[in-house]
Amino acid sequence: MLIVTTPYVMGKNVLEYKGPVFAQVTRGIGAIRSLAATWQSMTGDRSKGQEQSIIEIREIALKEIEENAQSLGANAIIGLDIDIEIITQNNITILLCKAYATAVVLD
């Protein structure tokens, strides 16, 4: 399925708007990974563990959006927007990925 961040696809016409599609994915970051990320941020290094977690939740969100669009009968997704937040409260760190787009049928 074609997935784009733009509101249209050059050379293609939108035949039908199927509606908005959404995905929300959360993942807790364990204490060891969180501690390692804190240390790496203090030393200026990249946190490979957190980066991998972000990649994984983004892929899950994209898969969910694609499945939602397919269930509506769409063959493409336009206007994709993904937002990833890191929420820390009471020494617990959670990654939150929100994704939304429009499911469409293109010619």
- Message: Going by what's in this entry, would residue 28 be described as at pLDDT below 90 and part of a strand (DSSP E or B)?
- Response: yes
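Filter region 2-25 down to the residues that are outside any strand (DSSP E or B), exposed (fewer than 13 other Cβ atoms within 10 Å of the Cβ) and hydrophobic (A, V, I, L, M, F, W, C) and list them by number. It would help to see each step written out before you state the result.
Here is the first cut: in region 2-25, the ones outside any strand (DSSP E or B) are 4-13.
Filter once more, keeping what is exposed (fewer than 13 other Cβ atoms within 10 Å of the Cβ): 5-7, 10-11, 13.
Listed by number, the list holds a single entry, 10.
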- With the first residue restricted to region 72-96 and required to be at negative phi and assigned to a strand (DSSP E or B), and the second required to be loosely packed, with under 12 Cβ neighbours inside 10 Å and of a type in the set (Asp, Glu), Cβ contacts under 7 Å at 6 or more apart or on different chains are 96/85
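The values are calculated or read from the model by the stated rules, or taken from the named source; none is laboratory data. On a predicted model such as this, the values are computed, not experimentally measured, just so you know. Counting neighbours? That spans all protein chains shown, and the Cβs are built from the backbone with ideal geometry, glycine included.
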